[in-house]
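Q: I'd like to ask some things about the structure below.
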Amino acid sequence: MIAIDIRNPDKENWREVIAESDTPLKTVNIVRDLFLCSTLVNVTTQVQVYTLDGEFVRTIELPGLGTASGFGGRRDDTETFYSF
């Protein structure tokens, strides 16, 4: 995931926030000033939490194997909801 300053959008000004991995990002949401990044690994959702600077915080434990969606919110929200 990259950050682009819309006032200065030239490619040489782009900044990588979260590095590319073997599993492409499915969704990214911001809740409580944290990125909630969802990927799909072997048909199972994995959700990782990162700071706005791209520092890994933790992986969210889900109830088991399966897919999850949701994790939406606003920057100042203190909670989010998801379906599994």
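Just so it is clear, none of the values below were taken in a lab; they were calculated from the coordinates. This one's a predicted model, so the numbers in the text were calculated from it and none came from an experiment. When we count neighbours, we look across all protein chains shown, and the Cβ atoms used for this are built from the backbone with ideal geometry, even at glycine.
Q: Just need a number here: residues in the stretch 9-30 that are over 8 Å from the mean Cα position of the chain (by Cα), under 16 Å from Glu55 (Cβ atoms) and assigned to a strand (DSSP E or B).
A: The qualifying residues number 2.
Q: Let me ask something else about it. Does any residue in the stretch 40-62 that is in contact (Cβ under 8 Å) with a residue 24 or more places away in the chain come within less than 6 Å, Cβ to Cβ, of a residue that is among the aromatic types (Phe, Trp, Tyr) and in a strand (DSSP E or B) six or more places away or on a different chain, and which pairs are these?
A: Hits for this filter: Tyr50/Phe35; Tyr50/Phe56.
Q: Which of the residues that make up the stretch 63-73 are without any contact (Cβ under 8 Å) to a residue 40 or more places away in the chain and either surrounded by 13 or more Cβ atoms within 10 Å (Cβ to Cβ) or in contact with a Lys or Arg (Cβ under 6 Å, 6 or more places away or on another chain) (or both)?
A: If the condition is that a residue be without any contact (Cβ under 8 Å) to a residue 40 or more places away in the chain and either surrounded by 13 or more Cβ atoms within 10 Å (Cβ to Cβ) or in contact with a Lys or Arg (Cβ under 6 Å, 6 or more places away or on another chain) (or both), then Thr67, Ala68, Gly70 are the ones that fit.
Q: How many residues are over 16 Å from Phe84 (Cα atoms) and either out of contact with any Phe, Trp or Tyr (no Cβ under 8 Å at 6 or more places or on another chain) or outside any strand (DSSP E or B) (or both) when one looks only at the stretch 31-41?
A: 2
Q: Here are Thr59, Thr78, Thr45: which of them is assigned to a loop (DSSP other than H, G, I, E, B), more than 21 Å from Ile2 (Cβ to Cβ) and either touching an Asp or Glu at 6+ places or on another chain (Cβ under 8 Å) or among the β-branched types (Val, Ile, Thr) (or both)?
A: The unique qualifying residue is Thr78.
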